[in-house]
Amino acid sequence: MTLKEVAHASGVSLSHLSAIERGSSKPSIDVVERIAEALGVSSDWFFARRPGAGPMEQAYVVRKKNRRNMNVLYGETVEEAGYSDALLSSSIGGSFCMGIADYEPRSSKIPDQFYKHGGELHGYILQGELELLIGEEQITLRQGDSYSFPASVIHDMRNMTDSITRLIWANGPVIIPKEVIADKRADEPGDQRQPK
């Protein structure tokens, strides 16, 4: 969402949202709740529960039990998405973020749904097998394999096996999958359609 869209949906002024984003203004609990509602997440999603011995640990270290559920941010359940996603990075405010995903067995929930957007995608398969569709190619990735490609190439990932597939991923910039669904025909010559 753009700041203007968030401002409209939350009832918080564009200038106030911009100041919050730059760190020059601290929002009240009421404003945080309105922004969270506009984004479709609970207000506690913004506040990582990160205990630690010092301020650097609290700000930058994410313990396993304190990972934030990205499916909540995406607005999709594990059943709808076919995978669970958790944030490994301490925030999504930088130029990229890192996470861990578990693809359920036979997670091809939505046939012929592809993605295309700006930025880059990187990943490393920790366990299992993943079908990576890039452009017109279907590539099988197994434990220990990795990938890196520009996200402007039409793509999708699916677990076609009977076992869970787990991978570490990094994206730059942060994306919301349901907002970058592409029409596969958009990559055909002469067709200039944009992602939905």
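The numbers here are math on the coordinates, done by the rules we state, and not lab data. On a predicted model such as this, the values are computed, not experimentally measured, just so you know.
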Please work out whether region 3-46 counts as rounded, prolate or oblate from its C-alpha gyration tensor, where a ≥ b ≥ c are the square roots of the eigenvalues and a/c under 1.5 means rounded, while otherwise a/b larger than b/c means prolate and anything else oblate?
oblate
Over what distance in Å are the Cα centres of region 29-101 and region 120-145 separated?
25 Å
Can you check what the Kirkwood hydrodynamic radius comes to for region 53-109, Cα pairs only, in Å to one decimal?
12.5 Å
